[in-house]
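See structure below.
The values are calculated or read from the model by the stated rules, or taken from the named source; none is laboratory data. Model, not experiment: these values are computed from the prediction. Cβ placement follows ideal geometry from the backbone for every residue including glycine, while neighbour counts extend to all protein chains displayed. SASA here: full protein model, heavy atoms, side chains in, ligands and nucleic acids out. Shrake-Rupley method; radii C 1.70, N 1.55, O 1.52, S 1.80 Å.
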Amino acid sequence: MTKINFRWAITHALDEELARDDKVFLVGQDVGESGGVFGLTRGLYEKYGGWRVKDTPISEEGITGLAVGAGMIGHRPVVEIMYMDFISLAIEQLANQAAKTFYVSGGKIKVPMVVRTLAGGGFKAGIHHSQSLESWFTHIPGLKVVYPSTPYDVKGLLKSSIRDDNPVVFIEHKGLFSLKGEVPEEEYTIPLGKADIKREGSDVTIISYGKSVHQSLEAAEALAKEGISAEVIDLRTLVPLDKETILKSVEKTNRAMVVYEATKESGFGAEVSSIISEELIYDLDAPVRRIAGAFTPIPLGDAEDAHFPTVEEIIKVAKEMCY
Amino acid sequence: MVSELKIPKIGVEMQSAVIDEWDIVDGSQVEKGEILLKIQTEKVTYEIESPDTGYVKILGKEGDEYDVGSIIAVIAESHEQLERYQQPNDGVPLEKKQVINHMVNLSIEQENTLSKSEQEIRNKNRKVKATPLAKKIAKGQGIDLTTLSGTGPGGAIVKRDVLKAQENASTTKQEESGMAALQPRSETELDKLVANRTPLKGMRKTIATHMMSSLQTSAQLTDINEIEVSKLVEFRKELNEDLASHLGFKISFNHLFIKAVSIILKELPVMNSSIMDEEIIQWKSINLGFALSVESGLVVPVIKNVDQLSLNEIAIQFNDLVARGKAGTLTADDLSGGTFTITNIGSYGGYISTPIINQPQVAILGLGQIKEKPIVNENREIVVGDLIGYSLTFDHRLIDGETAGQFQNKFAHIMRNPKLLLVK
Amino acid sequence: MVDIKEFKLDYYEKLYLARHFEDELMKLFADNKVVGWIHSNKGHEVIGVSLALAMRSHDYIVPHHRDRPAYLAKGLSAKSLLAEIMGKTTGCCGGIGGELHIMDVETKIYGPTGVLGSNLPIALGIAYANKLAGNDHVVVCNFGEGGSNRGSFHEVLNMAALWSLPIVFVCENNKFVEFTPMQKHMNIEDVARRAAGYDIEGIIADAFNPMETYETFKYAIEKARRGDGPTLVEAKTYRLDGHYEGDPMKYRDEEEKKYWLERDPITGFKASLLNESIANESELESLEASVHQVLKEAVEFALKSEPLKVSDTFKNVYA
């Protein structure tokens, strides 16, 4: 095992897949010669050349569609959409073309592409550089959505996403770039659709993904000192969702909350909460709660913290639920 | 062409009726004039005929009450026409027009084999504020949540409250080990065994409603006494000896009492009144009703304008009404318009009672059996006389004790001077 | 070297097949045997067939909804095509795609979509992948003049030009977008002029002239194959029927329609074959008869085939 940070985990994953399969190639703004705006593709252009690591103009629809076309004839393109806020331009190709091709071709033509995109707060850069928009895509049948929280998870999941035969929206939280974590030296992958119990507990289940997982763990630590044992589940993949792990946990604890940075209303937590209510209503000793982003655009600067979940809030709600 | 069957207005007083029973099945073919159903008004059951020939679609429900004019069925030439028929609004039963807070019936599981007490607990628990988990545990243990207090937010009952209750219950059970925990295998309701169940509907329901309403709207009290009627007994005997063959029937005490009351009411019109909508209405007509027990319950046929009838005419009408009452062929007219009621409690062996006023009247006279009893005559000697017990219930909103007393005095006066019955 | 006589006969046969396929399709539609809309491809036969003739079998087409002539000419069987349009399981997509989503791996038809203009980025991707793989496959991308107003058109032409990709953009300009004549939504009359904005070659072809159109396409495709980058070819044609069956075409000028019908390239081409003694009447008749036979069998096949089952529509969401 070595300890690397989140951003390096991404770079290594891309490097390994580019080496492994020459059908893999990267496209995106500044991914090539400059090694990526966040340095995530550092060194890859030099290693694999300008056709496998391609700098593109500002043309999100064009390059996402490029990935669709290339994927249709057997390549494995990885598109980088620099800020998830810009992914709105790519939705036509993702939702209407990529997501539906396998279906409408009668199962004959696959689209094995990955759209990697940087989401979430942390740069304090305001409305168009801070959003977490996963629920736009969890709503489209045919797409997979992955949202890892640790270096170990991001590397294993990115590799699996590239090898997956379906279009995958792979969300990297920019606030996690410097997070360090243990990663095996040998090759490994993590299957999509499997959640990870990051901390076991018995009194309340905290379901989360992305950066919010770390806040949840911090809260769980504090709660333990007050005699409340919280179980923290990191979903890792949103679609397909690991319902089994969620339900097993809530059946045990009888209490559940979902913590996520994206806007609470119509956010992915609403889906998780509904599933729990539908399938476990008679095992709930408290209502299912959501702790999530405020229903506002994200402001510039430090104020953004007030629009996202906090550790204090998680602790407070957990206590309310554990009367 | 579609014909609508509506609740008809039968009798001036009729506002609504209850559907007693449908004689045909939904969708069946019917002939014009065929009896489709029976409806029940406050007074009487009616058979309703089909207005047309064709296929019938039933819209009204048995047991529900509908306004006059409500459409309760339609008859059409074909099933397709029936399907296409759009009901204009008011086939809605009266109860449902009132504000209803429906309890959505969330059945936890399909337990058709629930005993009545379990079902009752479940129904009570449903309305209690408790978490689903708490309810689930309570249900499994047969714990009545209404007996618990909750320690959850807003006082909700949570799992630990139920578990605690369970703990306490089991310790109590151990203490009461002498008591058999086994329930008998038959149906219980509130610790009593049930013999059978029937729904409260039809005439029974009508009577129930009327009686309750009467007691709730008026200030009723009853003067009870007995008076000597030896002279009346004698008088009647003579009358029948002389006239029974002429009349073809015997004059009964009922006839005589009716005549007596009609005379009194003429002289004491306040007893022939009603309080309606904050108004005291003194009736000109004197329509005397008398309680009659029939198979389906109780009816009160009315002899109209009894003050204008001779004893003979009263007797004829009385007998006719009784006969038709027993045959079940009384009309709405027979049963409406009463201003005073007599109830013969003596007919089932009673002597005194506290009869309930027949609204919207202000009094009711209950007459008991005529019994031979010891009385004291003018010579302070104990002799045998005929006495009748009576019970005059009156509405103190209008009638004061003195007026009631006057009624009773007049009654006593006629009883002592029965020939007044022929003359007045 | 291809024998010119054989080539032209082949061309004519394919044109004839394309035109009469449309006739059969219209008849079936009128008979209520077709699911959904259909868009008549009449007037686009020369474009589709000449493209197929100019392409090699391993070249790709990323078409729009008026390219049935190209599918048939490229080798997609009339049976498979018709069955797909009619929602039958024997169609090339199992009956689930219908008229707007004809895709076939063998004949290299990819990416048509009901969202007009969204096929352009897909074509770009296929061309990019071919360049990356270092092969000599060319991609032809078809769209209407309306599609050329989409943002995707501009993004794609820019990138294709920038990277010198092996792609030919074919704008099939039939002068109408749905119900609106071209002048009402574009400031230019020739879409080909847009090529200059990307510093690539823009060529106008008369799609009612079979040989001219073929030569133009051949030129552009071979140029791409050589590695000399993309070309924008604007094939000017005229839509002989409405936007879709049932379109009352109130916006069309009767005179105009008459003018174009007289210039129908297929009858013209036939006449030229006879004039140039490439074939005689009876040869052409028997050629036409064999086409009708193919179509007859295709119609029978499609009618006989099983329609898509509801349970089939829940499959293939994920690979």
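In Å², rounded to the nearest 100, what is the total accessible surface buried by chains A and B against each other with a 1.4 Å probe?
The A and B chains share an interface burying roughly 900 Å².
In a GNM of chain A with a 10 Å cut-off on Cα contacts, which of A:A230, A:A99, A:A125 has the highest mean-square fluctuation?
Looking only at A:A230, A:A99, A:A125, the largest GNM fluctuation is found for A:A125.
Specify whether the C-alpha gyration tensor of chain B places it in the rounded, prolate or oblate class, a ≥ b ≥ c being the square roots of the eigenvalues: rounded for a/c under 1.5, otherwise prolate if a/b is larger than b/c and oblate if not.
Note, shape of chain B comes out oblate.
Considering every pair of different Cα atoms, what Kirkwood radius, in Å, is found for the protein assembly as shown?
Mean inverse Cα-Cα distance, inverted, gives 38.5 Å.
Using a Gaussian network model on chain B with a 10 Å cutoff between Cα atoms, which of B:E83, B:E34, B:E21 fluctuates the most?
Judging by the Gaussian network model, the answer is B:E83.
For the residue pair C:A289 and C:V35, what label-to-label distance in nm results when each label sits 7 Å from Cα along the Cα-to-beta-carbon direction?
Using points 7 Å along Cα→Cβ, the separation is 3.7 nm.
Give the angle, between 0 and 90 degrees and rounded to the nearest 10, that separates the Cα long axis of helix A:151-163 from the longest principal axis of the Cα atoms of chain A.
Approximately 50 degrees, to the nearest 10.
Just to check, using Stokes-Einstein with a Kirkwood Rh over alpha carbon pairs, what's the diffusion coefficient of segment B:296-424 at 37 °C and 0.692 mPa s in µm²/s?
Details: Rh = 16.8 Å.
My calculation gives 196 µm²/s for D.
Compute the Rg to Rh ratio over segment B:126-173 from the alpha carbon atoms, using the Kirkwood formula for Rh, and round to two decimal places.
0.94
Accessible area per residue of chain C at 1.4 Å probe, in Å²?
Each residue of chain C exposes 40 Å² on average to a 1.4 Å probe.
Would you mind classifying chain C by shape? Square roots of the alpha carbon gyration tensor eigenvalues, ordered a ≥ b ≥ c; an a/c under 1.5 is rounded, otherwise it is prolate if a/b is larger than b/c and oblate if not.
It comes out rounded by the Cα gyration axes.
Return, ordered by residue number, the residues of segment B:388-413 whose backbone nitrogen is under 12 Å from a label point located 7 Å along Cα→Cβ of B:K373.
The answer is B:388-391, whose backbone nitrogens lie closer than 12 Å to the label point.
Does anything in segment B:310-336 have its amide N under 17 Å from the 7 Å Cα→Cβ label point of B:L420, and if so which residues?
So the set is B:311.
Can you give the local net charge around C:D199? Use residues other than it whose beta-carbon is closer than 14 angstrom to its beta-carbon, Lys and Arg +1, Asp and Glu -1.
For residues surrounding C:D199, the net value is 0.
Given a 1.4 Å probe and heavy atoms of the protein chains only, how would you sort C:R150, C:R225, largest accessible area at the top?
Largest accessible area first, the residues go C:R150, C:R225.
Any chance you could look up the accessible area of A:W51 with a 1.4 Å probe, heavy atoms only, rounded to 10 Å²?
Surface accessible to solvent at A:W51 totals approximately 80 Å².
Using a 1.4 Å probe, what is the accessible area per residue for chain A, in Å²?
35
Roughly what angle does helix B:401-416 make with the longest principal axis of chain B, taking Cα atoms, 0 to 90 degrees, to the nearest 10?
Helix B:401-416 and the main axis of chain B meet at about 50 degrees.
Just list whichever of B:K38/B:K304; C:K79/C:K304; A:K100/C:K315; B:K250/B:K419; A:K264/B:K159 have alpha carbons separated by over 19 Å in the model shown.
Those over the limit are B:K38/B:K304; A:K264/B:K159.
Compute the FRET efficiency between A:K3 and A:K225 as 1/(1 + (r/R0)^6), taking r as their Cβ-Cβ distance and R0 = 41 Å, and round to the nearest 0.05.
0.90
Which percent of the accessible heavy-atom area of segment B:177-333 goes to carbon and sulfur, probe 1.4 angstrom? Can you show the working numbers first?
Values: 5050 of 9410 Å².
Roughly 54 percent, rounded to a whole number.
Take every Cα pair under 8 Å in chain B that's 6+ residues apart, average their separations, divide by the length, and report that relative contact order as a whole percent.
About 13 percent, as a whole number.
Please compute the length gained on full extension between B:E313 and B:H79, using 0.36 nm multiplied by the number of residues separating them and subtracting their Cα-Cα distance. Don't jump to the answer; show the numbers that get you there.
Working: separation 234, 0.36 × 234 = 84.24 nm, distance 5.44 nm.
That pair, B:E313 and B:H79, stretches by 78.8 nm at full extension.
Would you mind checking the tilt of helix A:243-253 against the longest principal axis of the Cα atoms of chain A, expressed as 0 to 90 degrees and rounded to 10?
20
Estimate the FRET efficiency between B:L243 and B:V294 by the formula 1/(1 + (r/R0)^6), using the beta-carbon distance for r and 35 Å for R0, to the nearest 0.05.
For R0 = 35 Å, the calculated efficiency reads 0.75.
Once R0 is set to 41 Å, what does the formula 1/(1 + (r/R0)^6) return for the Cβ-Cβ distance between B:E267 and B:T146, expressed as a FRET efficiency to the nearest 0.05?
0.10
What percent do you get for the relative contact order of segment A:52-131 when only Cα pairs under 8 Å and 6+ apart count?
35
Please give, to one decimal in nm, the separation of the simple spin-label points placed at C:D199 and C:V105, each 7 Å out from Cα toward the Cβ.
Between C:D199 and C:V105, the label points sit 4.0 nm apart.
With no solvent and one equal point scatterer per Cα, compute the Debye intensity ratio I(q)/I(0) for segment B:186-333 at 0.12, 0.13, 0.21 Å⁻¹ and report its log10, rounded to two decimals.
Evaluating at q = 0.12, 0.13, 0.21 Å⁻¹ gives log10 I(q)/I(0) of -0.72, -0.82, -1.48.
Check C:A205: other-chain or 5+ apart residues with amide H under 5 Å from its amide H, H built from backbone geometry?
Under 5 Å from the amide H of C:A205: C:E234, C:A235, C:K236.
For segment B:124-144, list whatever residues lose no less than 10 Å² of accessible surface once every protein chain is in place, relative to that chain by itself, with the probe at 1.4 Å.
Flagged in segment B:124-144: B:T131, B:P132, B:L133, B:K136.
Mean separation of Cα pairs under 8 Å and 6+ residues apart, divided by the residue count of chain A: what relative contact order is that in percent?
Reported as a whole number, the value is 16 percent.
Tell me, what does the Kirkwood hydrodynamic radius of segment B:220-302 come to in angstroms if you use every pair of distinct C-alpha atoms?
15.8
About its Cα centre, what dipole magnitude does segment A:191-278 give when the only charges are +1 on Lys and Arg Cβ and -1 on Asp and Glu Cβ, stated in debye to the nearest 20? Can you show the working numbers first?
Details: 11 positive and 15 negative charges, 21 e Å.
Charge dipole of segment A:191-278: 100 debye, to the nearest 20.
Taking both sides together, what accessible area is buried at the C/A interface, probe 1.4 Å, expressed in Å² and rounded to the nearest 100?
3300
Using a simple spin-label model with points 7 Å from Cα along the Cα→Cβ vector, what separation in nm is obtained for B:I382 and A:E320?
8.6
Can you bin every Cα-Cα distance in segment C:58-167 into 10 Å intervals starting at zero and give me the percent of pairs per bin, rounded to whole numbers?
It works out to 16, 45, 30, 9, 0, in whole percents.
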